[in-house]
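What follows is a short report on a single structure.
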Amino acid sequence: MLSLHAGMRVHLALGATDMRKGFDGLAAQVQTVLKADPFSGHLFLFRGRRGDLLKALWWDGQGLVLLAKRLEKGRFIWPTIAREGAVTLTTAQMAMLLEGLDWRTPTPSWKPEIAV
């Protein structure tokens, strides 16, 4: 089970990732492309070319964990600012991303009223 702790960071790998990659291929991408340590305990997210498949790589202290999620409808919202590198998300942004919501510009469901 994935448990988020206070020091855990969530990194999105920019661009499209070959979803045929498994543990070793994604860990190598973390090291070479993202210039990060796949065994750091941080969560690394990768999206396929079509945008409906997401893979997560995480070191839990004993081994690598590989999770996958496919949306039946819609696409995962991914940054288009660059083709390589990573973007760091908050846990709230990650939760919205996993639900298929636009995490970049969340809109509140209410507006404050003038207090008179």
**Request:** Could you grab me the full set of residues in the range 78-93 that are crowded, with 17+ Cβ neighbours inside 10 Å and within 17 Å of Ala16 (Cα to Cα)?
**Result:** Trp78, Ala86
**Complete:** Across the range 12-32, the tally of residues that are under 17 Å from Val87 (Cβ atoms) and either open to solvent by 50 Å² or more (accessible area, probe 1.4 Å) or in contact (Cβ under 8 Å) with a residue 60 or more places away in the chain (or both) stands at 5
**Matching entry among Lys69, Lys111 (being of a type outside the set (S, T, N, Q) and modelled with pLDDT of 90 or more)** = Lys69
**Prompt:** Hey, any hits in the range 101-113 for a residue that's without any contact (Cβ under 8 Å) to a residue 12 or more places away in the chain, assigned to a helix (DSSP H, G or I) and of a type in the set (A, V, I, L, M, F, W, C)?
**Reply:** no
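What about Leu66, is it open to solvent by less than 20 Å² (accessible area, probe 1.4 Å) and in a strand (DSSP E or B)?
So Leu66 fails the test.
Of these, Lys73, Lys35, Lys55, which one is open to solvent by less than 50 Å² (accessible area, probe 1.4 Å) and of a type in the set (Lys, Arg)? First the steps, then the outcome.
Values: Lys73 fails: open to solvent by less than 50 Å² (accessible area, probe 1.4 Å); Lys35 fails: open to solvent by less than 50 Å² (accessible area, probe 1.4 Å).
Just a single option satisfies the conditions, and that option is Lys55.
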**Hits in the range 21-52 (condition: over 11 Å from the mean Cα position of the chain (by Cα) and outside any loop (DSSP other than H, G, I, E, B))** = Phe23, Asp24, Gly25, Leu26, Ala27, Ala28, Gln29, Val30, Gln31, Thr32
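The values are calculated or read from the model by the stated rules, or taken from the named source; none is laboratory data. Predicted model only: the values in this text are computed from it and were never measured. A quick note on method: Cβ atoms are made from the backbone with ideal geometry, for glycine too, and the neighbour counts reach across all protein chains shown. Remember, those area values only see protein heavy atoms, side chains included, never the ligands or the DNA or RNA. Shrake-Rupley method; radii C 1.70, N 1.55, O 1.52, S 1.80 Å.
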